[in-house]
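Colleague: Dropping the structure in here first, questions after.
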Amino acid sequence: MREVAVVGCGMTKFGELWEKSLRDIFVEAALKAIDDAGVDHIDSMYVGAMTPGLFVGQEHISALMADYLGIAPIPAMRVESACCSSGMALRLGLFEISSGYSDIVLVGGVEKMNDGADATYALATAADQEYEVYQGVTFPGLYALIARAHMHRYGTTREQLAAVSVKNHHNGTMNPNAQFQREVTLEQVMNATLVADPLTVLDSSPVSDGAACVVLTSVDFAKQLKVPSVKILGSGAATDTLALHNREDITTLKAVKLSGKAAYKMAGIKPSDIDVAEVHDCFSIAEICIIEELGFTEKGKGGPFTEQGNTALEGKIPVNPSGGLKSKGHPVGATGIAQVVEVVEQLRGNAGKRQVKNAKIGLTQNMGGSGGSSVVHIFTTT
Amino acid sequence: MPSPTYRREMPQRYRLEAAKCKKCGKLFFPPRLVCAGCGSKEFDKTKLSETGTILSHTMIRVAPADFATQVPYAIAIVESDNGVRVTTQVVDCKPEDLEIGKKVKFIFRKLYEEGHTGIICYGYKTVLV
Amino acid sequence: MVGIVGYGSYLPRYRIKVEEIAHQWGRDPVTVKRGLMLNEKTVPGMDEDTITISVEAAKNALKRANIDPAEIGALYVGSESHPYAVKPSGTVVAEALGAVPNVHIADYEFACKAGTEAMFVAYGLVKADLVKYALAIGADTSQGAPGDALEFSASAGGSAFIFGKEGVIAEVLDTFSYTTDTPDFWRREGAFYPLHGGRFTGEPAYFKHILGAAKAILDKSGYKPADFAYAVFHMPNGKFPLTAGKRLGFTKAQMEPGWIVPLMGNTYSGSSPTGFAATLDIAKPDDLILLVSFGSGAGSDAFIFKMTKRIDDVRDKAEKLKSMLENNRIYLDYGQYAKYRGKIIMNE
């Protein structure tokens, strides 16, 4: 098995990209990544996307993107695992290089959510269509159910939820690719329009357009390239019941816990070794649960841990220096690779004002649905 | 939702039919082909209890198009008295009436209509007892 | 002995007061209330219709009948607000109750008497030994045009009756139907609201048929008004049934328990059946009850029931009508009511 490195990365700005199409944004991010890596060809490609069919009526985007990127006839495949589609795509790219099948693999993610589709409906297809969605539940609704139970069981407060958004918006002000580059206050988050009680619109990641891509090679191959590379140290993925209600404990994201465990094991490290993490804060409560499952704090303590500043840029374990899904934006299929782009730039020391000092080991955690799937990757400087 | 899918789910949606693993006794709603508890493939037909308890709840204020005229509406995770959990609406109540631990009973209601000309979709919801 | 072995009702929790409707249309609430003898009416929730009301009423009837739903050989839903123009309400109800597939199903429509029509046929099938049990339902989410007199009364609810030969709680002693072609009230295919002939709905329609059916069944059976513990007449408003009863020689006390219209409104096909269910809630063994429905178009079905001892065993097995009528009411303003009843033009 060969060791694998990320040798190039690129992303579009996230947001409402009215002037650009699905294919435009993917090609833009891919060209940036290829240029960044300095490679002259691509052997194979994986594209993560949740539901371009529902968002813009386009499936079969593997061939479409290879065509428009000018790299056809290379093999290309679309990967879908709801909001962790591109995180899972990275895993496949890793396997393909690790196994020796290919030398240079492009892995990307894309979603165009603002082209007029019913985004609430499209996103809800990641939940159990017959037994959750049929009842009228939405994604904010599912996370609100988790939030209410977490508050009830662990005493997590409304302020602590809001603290996640305040922190991530603050980080986003330093990220030129972020959809929102403005601060929000605790009061603004708590008093914003309710989406699904107790979550407000400022607890929720936005509807976004965007794409992100990375180029993978073997570590040995990377040495021939004259670019700073970042090694993939660990990869873990897991699933859980699709329907939230079927879990023994709805405050526990078991797939996150198990995917983290597997990645830590493969990397041979423990949670306290992580210097910087990009996690799937699709809603404020999600970040609180995830930092518990990944072992950054104890189960039930995610609220106070956040409130005390431990996950801030200068805290014990900086979480979502990019601004996270909340402020950077959440074009669902692109999110997993956008997290990798951020961690790679952090480990390369290229993160500008939001640079985490002495970041040597970074983690990305990307989640599908209400936690039905999760994928974790651990990276280190080479 | 195409009519074939709708009809196939009727035993669950209309009558709360569930499956009980013959080997380990675990209940599944909807019924499954393989027991997630013990791997057994043999089940007895059973039903959810008609009452249950709220484990968590929310008010949906931004809904998909089919549900848009119903907002705000309450959604809860309810555990039936025989231990099966479902996601379900709690209707005919105010947001402040909802609390974790409150008892509900299952009732038969309309979930949504496929516009003015499509099929009408029925199923279970709950009301506070 | 053939008769009812189980009965049950269902009323939505939502209400609108007569004052609220009168205010909307610039009418004087005091004279409207006095003229129609109505205070408020039930309104279906946005997720309720004739089918959901029928299912809940039938479930209550099954609790009292204590029979296996699979033994129901016939199931009839009478309504003038079947949710589908083509596709039966009864199949949904039967599926929800677990009465499928060995069951005969039909939807009935005869303005406000579709419920008793279902009862009439259900009774006949059991009596003829064609089925063991037959379930008859009268339910409606009644329509009344905005600003029309009907808007003060048109309400929602229904009742279900299971007929059988074993475990009878109310034996059917006699029946009679009285029918002519009288265009007093109608709704054309595709029309949203019914039209009516104003005062023509009174003497030549309601009273002619109610009195015709009642007098005929009394003559046929040999009973006199004084022999009855209770009498229930169709309730398009508060006034008509009391006037009809008085003309036939019944007292207010005999009619009072079934005279639920001031708080319920007119549930069309569910009106007299629900008044009858409210009467069963308080009737004692051996009591005689007269039930006379009326449906525009026009006709009346009359029944004479005799209570058995079993009523005392089953009465408390489901919620009683008085409790549904008086408890847990949620009041709507006219705007909410208009939204709930689909009276607002929306984009598709």
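Colleague: Name the residue that is farthest from C:TYR123 (Cα to Cα), counting only residues in region C:1-44 that are buried (at least 23 other Cβ atoms within 10 Å of the Cβ) and among the small types (Gly, Ala, Ser).
Modeller: The residue in question is C:SER9.
Colleague: Check region A:239-252 and report whether any residue there is away from chain B (no Cβ under 13 Å) and farther than 18 Å from A:THR297 by Cβ.
Modeller: Among the residues of region A:239-252, not one is away from chain B (no Cβ under 13 Å) and farther than 18 Å from A:THR297 by Cβ, which makes the answer no.
Colleague: Could I ask something else about it? Run C:MET324 past the list (1) hydrophobic (A, V, I, L, M, F, W, C); (2) touching a strand residue (DSSP E or B) at 6+ places or on another chain (Cβ under 7 Å); (3) within 26 Å of C:ASP148 (Cβ to Cβ) and report the number of the one that doesn't hold.
Modeller: Of everything listed in (1) hydrophobic (A, V, I, L, M, F, W, C); (2) touching a strand residue (DSSP E or B) at 6+ places or on another chain (Cβ under 7 Å); (3) within 26 Å of C:ASP148 (Cβ to Cβ), C:MET324 misses just condition (3).
Colleague: Please find, within region B:51-66, the residue that is farthest from B:ILE77 (Cα to Cα) out of those that are assigned to a strand (DSSP E or B) and more than 7 Å from chain A (Cβ to nearest Cβ).
Modeller: B:THR51
Colleague: If you don't mind, another one. Test each condition in (1) assigned to a strand (DSSP E or B); (2) within 14 Å of another protein chain (Cβ to nearest Cβ) for C:GLY342 and report the one that comes out false.
Modeller: Result: C:GLY342 passes all but (1).
Colleague: With (1) of a type outside the set (D, E, K, R); (2) away from every other protein chain (no Cβ under 11 Å); (3) surrounded by 21 or more Cβ atoms within 10 Å (Cβ to Cβ); (4) assigned to a loop (DSSP other than H, G, I, E, B) as the list, and B:VAL104 as the residue in question, which single condition is left unmet?
Modeller: Failing condition for B:VAL104: (4).
Colleague: Then there's this: Checking B:VAL78 against (1) without any contact (Cβ under 8 Å) to a residue 40 or more places away in the chain; (2) farther than 30 Å from A:GLY116 by Cβ: exactly one of these is not met. Which one?
Modeller: (1)
Colleague: Would you be able to say whether some residue in region C:300-318 is free of Cβ contacts under 8 Å to residues at least 24 places away in the same chain and within 22 Å of C:TYR14 (Cβ to Cβ)?
Modeller: No, every residue in region C:300-318 fails to be free of Cβ contacts under 8 Å to residues at least 24 places away in the same chain and within 22 Å of C:TYR14 (Cβ to Cβ).
Colleague: Might you let me know whether region C:88-103 holds any residue that is without any contact (Cβ under 8 Å) to a residue 60 or more places away in the chain, hydrophobic (A, V, I, L, M, F, W, C) and away from chain B (no Cβ under 14 Å)?
Modeller: yes
Colleague: Taking region B:112-129, which residues are more than 7 Å from every other protein chain (Cβ to nearest Cβ), among the hydroxyl-bearing types (Ser, Thr, Tyr) and in contact (Cβ under 8 Å) with a residue 12 or more places away in the chain?
Modeller: Result: B:TYR112, B:TYR124, B:THR126.
Colleague: Got a sec? Which of C:PHE240, C:PHE276, C:PHE200 is at pLDDT below 95, hydrophobic (A, V, I, L, M, F, W, C) and assigned to a helix (DSSP H, G or I)?
Modeller: C:PHE200
Colleague: Considering only region C:283-319, how many residues are aromatic (Phe, Trp, Tyr) and part of a loop (DSSP other than H, G, I, E, B)?
Modeller: Total satisfying the criteria: 1.
Colleague: For region C:33-47, give me the residue count where each residue is free of Cβ contacts under 8 Å to residues at least 24 places away in the same chain, in contact with a helix residue (DSSP H, G or I) (Cβ under 8 Å, 6 or more places away or on another chain) and over 15 Å from C:HIS23 (Cβ atoms).
Modeller: So the count comes out to 1.
Colleague: Right, C:TYR133: more than 14 Å from chain B (Cβ to nearest Cβ) and buried (at least 24 other Cβ atoms within 10 Å of the Cβ) or not?
Modeller: It is true that C:TYR133 is more than 14 Å from chain B (Cβ to nearest Cβ) and buried (at least 24 other Cβ atoms within 10 Å of the Cβ).
Colleague: Here is a further query. Collect the residues in region C:249-262 that are of a type outside the set (Asp, Glu) and surrounded by fewer than 19 Cβ atoms within 10 Å (Cβ to Cβ), keeping them in residue-number order.
Modeller: Correct list: C:GLY249, C:THR251, C:LYS252, C:ALA253, C:PRO262.
Colleague: Going by the structure shown, is C:GLY270 buried (at least 24 other Cβ atoms within 10 Å of the Cβ), out of contact with any Phe, Trp or Tyr (no Cβ under 7 Å at 6 or more places or on another chain) and at pLDDT 95 or above?
Modeller: Taking the combined requirement at face value, the residue satisfies it.
Colleague: Now a separate question. Given the options C:GLY164, C:GLY197, name the one that is over 23 Å from C:ILE260 (Cα atoms), of a type in the set (Gly, Ala, Ser) and assigned by TED's automatic domain parsing to the domain that holds C:PRO225.
Modeller: Result: C:GLY197 is the single residue among C:GLY164, C:GLY197 that is over 23 Å from C:ILE260 (Cα atoms), of a type in the set (Gly, Ala, Ser) and assigned by TED's automatic domain parsing to the domain that holds C:PRO225.
Here's the yes/no breakdown for (1) surrounded by 15 or more Cβ atoms within 10 Å (Cβ to Cβ); (2) in contact with a Leu (Cβ under 6 Å, 6 or more places away or on another chain); (3) outside any strand (DSSP E or B):
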{"residue": "C:ASP181", "(1), (2), (3)": "no, no, no"}
{"residue": "C:PHE192", "(1), (2), (3)": "no, no, yes"}
{"residue": "C:LYS208", "(1), (2), (3)": "yes, no, yes"}
{"residue": "C:LEU211", "(1), (2), (3)": "yes, no, yes"}
{"residue": "C:ILE217", "(1), (2), (3)": "yes, no, yes"}
{"residue": "C:PRO236", "(1), (2), (3)": "yes, no, yes"}
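Colleague: Find all pairs meeting these conditions: Cβ atoms under 8 angstrom apart; at least six residues apart or on different chains; first residue within region C:265-290 and over 18 Å from C:ASN39 (Cβ atoms); second residue of a type in the set (Phe, Trp, Tyr) and in a helix (DSSP H, G or I).
Modeller: C:ILE289/C:PHE276
Each row is one residue, and each column tells you yes or no for (1) within 26 Å of B:LEU111 (Cβ to Cβ); (2) crowded, with 24+ Cβ neighbours inside 10 Å; (3) at pLDDT 95 or above.
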| position | (1), (2), (3) |
| --- | --- |
| C:LEU97 | yes, yes, yes |
| C:VAL103 | yes, no, yes |
| C:GLU109 | yes, no, yes |
| C:ILE137 | yes, yes, yes |
| C:GLY164 | no, yes, yes |
| C:TYR178 | no, no, yes |
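Colleague: Further question on the same structure: Out of the residues in region B:67-92 that are part of a loop (DSSP other than H, G, I, E, B) and within 11 Å of chain A (Cβ to nearest Cβ), state the one that is nearest to the chain's Cα centre (by Cα).
Modeller: B:VAL84
Colleague: Still on this structure: Looking at region A:37-53, can you tell me whether even one residue there is in contact (Cβ under 8 Å) with a residue 12 or more places away in the chain and assigned to a helix (DSSP H, G or I)?
Modeller: There is at least one residue in region A:37-53 that is in contact (Cβ under 8 Å) with a residue 12 or more places away in the chain and assigned to a helix (DSSP H, G or I).
Colleague: Moving on. What are the residues in region C:125-143 that are outside any strand (DSSP E or B) and over 17 Å from C:PRO194 (Cβ atoms), if any?
Modeller: C:LEU125, C:VAL126, C:LYS127, C:ALA128, C:ASP129, C:LEU130, C:VAL131, C:LYS132 - these are the residues of region C:125-143 that are outside any strand (DSSP E or B) and over 17 Å from C:PRO194 (Cβ atoms).
Colleague: Of the residues that sit in region B:39-89 and are more than 24 Å from B:ILE100 (Cα to Cα) and of a type in the set (Ser, Thr, Tyr), which one is surrounded by the fewest Cβ atoms within 10 Å (Cβ to Cβ)?
Modeller: Result: B:SER40.
Colleague: Looking only at residues in region B:1-25 that are within 11 Å of another protein chain (Cβ to nearest Cβ) and assigned to a loop (DSSP other than H, G, I, E, B), which one is nearest to C:ALA96 (Cα to Cα)?
Modeller: B:LEU16
The values are calculated or read from the model by the stated rules, or taken from the named source; none is laboratory data. All figures in this text were calculated on a predicted structure; none of them were measured in a lab. Quick reminder, even Gly has a Cβ in these numbers, built from the backbone with ideal geometry, and neighbours come from all protein chains shown.
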